[in-house]
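> Right, I'll just put the structure down here and ask away after.
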Amino acid sequence: MELCGDEDMALLVRQMQASDTEDLAAVDAMLKRFPQDPRLHFMRGSILAGRKPPQEAHAALARAVELAPDFAIARYQLGFFELTSGEVDKALSSWGPLMRLPEDSYLRKFVEGLTHLVRDEFEPALARMREGIALNRENEPLNGDIRLLMAECERAMKSGGAAASEGEESDLSATSLLLGQFSGGPTRH
């Protein structure tokens, strides 16, 4: 499997930072040269996650994990994308290998927290997320996403769970409402 070299990857990152409109084209061009590089599929999926159609983002993230099953951040993002798309079972399956990471892995802590969250277990969810943030020194944007999610959890806890919107009744769990906040998919990391 031929991978994109460090110089080409650095150039690609600079191109992506310089233009939000040309970022996908730059990744696609690099993928033509290195179709087996899971990092490029991950980058493509991360870009597409905030755009339409979501199937393309899912396919790119899934391809990254297929090419590199131990690519932990790609596996996390795939699961998060699935979770925010309403596919809880798929997300839990995608995250399964992350539960075998060492106890001091921030991704493991985030997955543990999200697993508690899907069961509306807010206290342990928040505790695991706090532990993950404390451990994560390499991916501050991800910490920011988790902080946003924690703030929504705390709001839901204060309001007693899922609140109906402006006089409407709702059968949604607090978790469904919270995850709806992130339905655009994962952010780029």
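The values are calculated or read from the model by the stated rules, or taken from the named source; none is laboratory data. For clarity, every value in this text was computed on a predicted model and none was experimentally measured. Counting neighbours? That spans all protein chains shown, and the Cβs are built from the backbone with ideal geometry, glycine included. For the accessible areas, the whole protein counts, side chains as well, though only heavy atoms, and no ligand, DNA or RNA atoms are used. Shrake-Rupley method; radii C 1.70, N 1.55, O 1.52, S 1.80 Å.
> By a straight-distance test (C-alpha under 13 Å), which aspartates and glutamates pair with residue 109 as possible cross-link partners, with residues fewer than eight away in the same chain excluded?
131
> For 120, 23, 89, 145, give me the order by solvent-accessible area with a 1.4 Å probe, most accessible first, ignoring ligands, DNA and RNA.
89, 120, 145, 23
> Next up: By the gyration tensor of its Cα atoms, with a ≥ b ≥ c the square roots of the eigenvalues, what is the shape of the range 31-100: rounded for a/c under 1.5, prolate for a/b over b/c, or oblate?
Verdict is oblate for the range 31-100.
> I would also like to ask the following. Can you find, among 42, 57, 11, the residue farthest towards the positive end of the dipole of the range 1-60? Put +1 on the C-beta of Lys and Arg, -1 on that of Asp and Glu.
Comparing the listed Cα positions along the dipole, 57 ranks first.
> What accessible area per residue comes out for the range 67-150, rounded to a whole number of Å², with a 1.4 Å probe?
I get 44 Å² per residue for this part.
> Measure of size requested: the Rg and Dmax of the range 16-150, with Cα atoms as the atom set and Å as the unit; please supply both.
Considering the range 16-150 through its Cα atoms, Rg and Dmax are 15.1, 47 Å.
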